[in-house]
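Coordinate-derived values only; no laboratory data. All values reported here derive from a predicted model rather than from experimental measurement. As a convention, Cβ positions derive from the backbone with ideal geometry for all residues, glycine included, and neighbour counts pool all protein chains shown.
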Amino acid sequence: MTDERMQVVMGLIIAGGNAKNHAMEAITAAKQGDFELAEEKLKEANEALVNAHNVQTEMLTKEAQGEHTEIDLYMVHAQDHLMTGITFVDLAKEIIAVYRNLAEIKA
C-alpha cells in the first residue's frame, strides 16, 4: 500500500471517528440541557463528514477518469467507520430533538 493510499484510508477513518465522537458529545450536551453546545458539536461532526466527503469525491473523480481504486480490507474498514459516523450523526440529531422537546415540556 502506498503512503498516499494509506493517508486516504486513515483520513476516512479519522473523519468517521471524529464525526461519531462529536455527535456523542452533542448528545451529552443536550442531555445536560446545553443545546447551544450540542449544536456546536453537531456542526463539528458535520465538518468532519464534509472532509470525508471531499476525500470520497476525489476518489470517485479518479475512478471516473480511469484510475481504478483497489478495494481491500483497509478501504472497507475506512468506509465502515465513515458510514458509522454518518449514521451516528443522524441519530444524534434525533436524540437532541427529543431532549429539546423534553426540556420545553418541563419548562
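Listed values, structure above:
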quantity: Tilt relative to the chain, helix 73-106 - C-alpha long axis, 0 to 90 degrees, to 10; calculated: 10
quantity: For peptides 27-36, 95-104, sequence by mean Cβ density within 10 Å, most packed first; calculated: 27-36, 95-104
quantity: The chain: most fluctuating residue of Leu12, Leu60, Leu49 per GNM, C-alpha cutoff 10 Å; calculated: Leu60
quantity: Set of aspartates and glutamates near Lys93 by C-alpha distance (under 18 Å), chain-local residues within fewer than 8 positions excluded; calculated: Glu25, Asp34, Glu36, Glu39, Glu40, Glu44, Glu47, Glu104
quantity: Cβ charges +1 (Lys, Arg) and -1 (Asp, Glu), total dipole of the chain, debye; calculated: 440
quantity: Principal semi-axes in Å for the chain [√(5λ), Cα gyration tensor, largest first]; calculated: 34, 11, 10
quantity: GNM flexibility winner over the chain from Val76, Val55, Val89 (Cα, springs under 10 Å); calculated: Val76
